[in-house]
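For reference, the structure is listed below as structure tokens.
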Amino acid sequence: MRICSPQLGLAPNATLGGEVYDRELLTHLSALGVEIEVILPDGAPYPADIPLRVTHVPLRKGYRWFVSNLVFIPYIGRIYRQNHKKKEKTEKKQKLEKKKKKE
């Protein structure tokens with residue numbers, strides 16, 4: 001499973017609010033083997049001990065969610081297309097290798 005999670009913050013030192021909930025949820029999901037792509041504003045801290053793929057967007061901290069959603073949408077599409085292309089290439093490569101083994 002792969003999850004793309006736009007966030008306004010995932011600071012390792014946060015102790016209150018949705019930032020803590022989201023950070024802990026993503027930590028536990030990654031421990032279960034879920035691939036997680038996180039979209040964060042430039043300069044936003046995130047825990048280095050969780051295997052996350054982080055994409056930074058040109059937002060400064062302090063934006064409200066309704067403003068950030070307008071910025072996140074194109075990045076979600078771009079990340080999806082990049083990952084989908086990688087998956088297709090991997091599947092094609094695997095099919096070719098299987099075909100070569102049969103021959």
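Points worth noting:
- Hits in the stretch 34-45 (condition: surrounded by fewer than 11 Cβ atoms within 10 Å (Cβ to Cβ) and either under 17 Å from residue 78 (Cβ atoms) or of a type in the set (Ser, Thr, Tyr) (or both)): 42
- Candidates in the stretch 1-33 are the residues that are within 22 Å of residue 83 (Cβ to Cβ) and of a type in the set (Gly, Ala, Ser); of these, the one that is surrounded by the fewest Cβ atoms within 10 Å (Cβ to Cβ) is 33.
- Taken together, 68, 30 contain a single residue that is touching a residue at least 60 places away in the same chain (Cβ under 8 Å) and either in a helix (DSSP H, G or I) or in contact with a Gly (Cβ under 6 Å, 6 or more places away or on another chain) (or both), which is 68.
- Residue in the stretch 83-101 that is free of Cβ contacts under 8 Å to residues at least 24 places away in the same chain, within 13 Å of the chain's Cα centre (by Cα) and surrounded by 10 or more Cβ atoms within 10 Å (Cβ to Cβ) present: no
- Any hit, the stretch 31-52, residues being over 14 Å from the mean Cα position of the chain (by Cα) and within 19 Å of residue 2 (Cβ to Cβ): yes
- The stretch 11-24 residues that are on the phi < 0 side of the Ramachandran plot and modelled with pLDDT of 90 or more, paired with ones that are among the β-branched types (Val, Ile, Thr) and assigned to a helix (DSSP H, G or I) (beta carbon under 8 Å, 6 or more apart): 14/20
- Residue in the stretch 4-22 that is part of a helix (DSSP H, G or I) and among the small types (Gly, Ala, Ser) present: yes
- Test: residue in the stretch 46-54 that is surrounded by fewer than 17 Cβ atoms within 10 Å (Cβ to Cβ) and in a strand (DSSP E or B): yes
The values are calculated or read from the model by the stated rules, or taken from the named source; none is laboratory data. This structure is a prediction, so every number in the text was calculated from the model and none was measured. Backbone-built Cβ (ideal geometry, glycine too); neighbour counts: all protein chains shown.
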